[in-house]
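Comments concern the structure below.
The values are calculated or read from the model by the stated rules, or taken from the named source; none is laboratory data. What you are looking at is a predicted structure, and each value in this text was computed from that prediction instead of being measured. Counting neighbours? That spans all protein chains shown, and the Cβs are built from the backbone with ideal geometry, glycine included. We work out accessible area using only protein heavy atoms, side chains counted, and drop any ligands, DNA or RNA first. Shrake-Rupley method; radii C 1.70, N 1.55, O 1.52, S 1.80 Å.
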Amino acid sequence: MLEYCSRVIHIAGAVALIGGLFRAQSALVTALAVAGMFASGLYNLMLRMGAGVPKEYHMLFGLKFLLVLHIAAVSILAAKASTSEEKRTRMLKGVMISGFVVVALSAALRTL
Ligand code: HEM
């Protein structure tokens, strides 16, 4: 359990730190990051599914994918100039929670 928590805190910390730096760059960088996560994620999924996974894996992955769609949608909406600052701050708070849960679910997938 300690190993799992340490892994989640390490990955989440890296995501928050590096992600923040990327975020400050441009909407294009954000869009490229989202595309890269989907492409590499699909490849990861093909590798794992090829080796056979328990039914819990499908359930956890489905939950992760729904939260990833939330993150992707908000990343694109928040980058739009027409989005008000108040709305952007509210949306990004929600995405921070989804992001942490995605990392925790991803680390759990690895244990299955
Ligand atoms: C916001 C987007 C995403 C984040 C933050 C994220 C995060 C992560 C992290 C941190 C891991 C490694 C977990 C570990 O080794 O402990 C991981 C693994 C993985 N991710 Fe993602 N991911 C994202 C999007 C996606 C998408 C879109 C897909 C599929 C379409 C995907 C599929 C996978 C798979 C299959 C693994 C390997 C899990 C295993 O070991 O079986 N991810 N992800």
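Near F61, within a Cβ-to-Cβ distance under 13 Å, what is the net charge of the other residues, with Lys and Arg +1 and Asp and Glu -1?
+3
Among L92, M49, L77, flag the residue with its Cα farthest along the positive direction of the charge dipole of the chain, charges on Cβ as +1 for Lys/Arg and -1 for Asp/Glu. Projecting each Cα onto the dipole axis, the largest value belongs to L77.
The calculated FRET efficiency for E56 paired with A81, based on their beta-carbon distance and R0 = 35 Å, is about 0.25.
When the Cα convex hull of the chain is projected onto planes of every orientation, the mean area is 7.3 nm².
In terms of packing, defined here as the mean over residues of other Cβ atoms within 10 angstrom, the peptides 98-104, 11-17, 41-47 line up highest first as 98-104, 11-17, 41-47. Cross-link partners for K55 among the lysines, with Cα-Cα distance under 27 Å and sequence neighbours closer than 8 places in the same chain left out: K64. Helix content alone sets the calculated 222 nm mean residue ellipticity of the chain: runs of n ≥ 4 DSSP H residues at -39500 (n - 2.57) each, divided across all residues, give -31000 deg cm²/dmol. Rounded to the nearest 20 debye, the dipole size of the chain about its Cα centre is 120 debye, using +1 on the Cβ of Lys and Arg and -1 on the Cβ of Asp and Glu.
Of the listed residues E86, E3, the order by accessible area with a 1.4 Å probe, largest first, is E3, E86.
For the chain, the longest principal axis of the C-alpha atoms and the axis of helix 85-111 are separated by about 10°.
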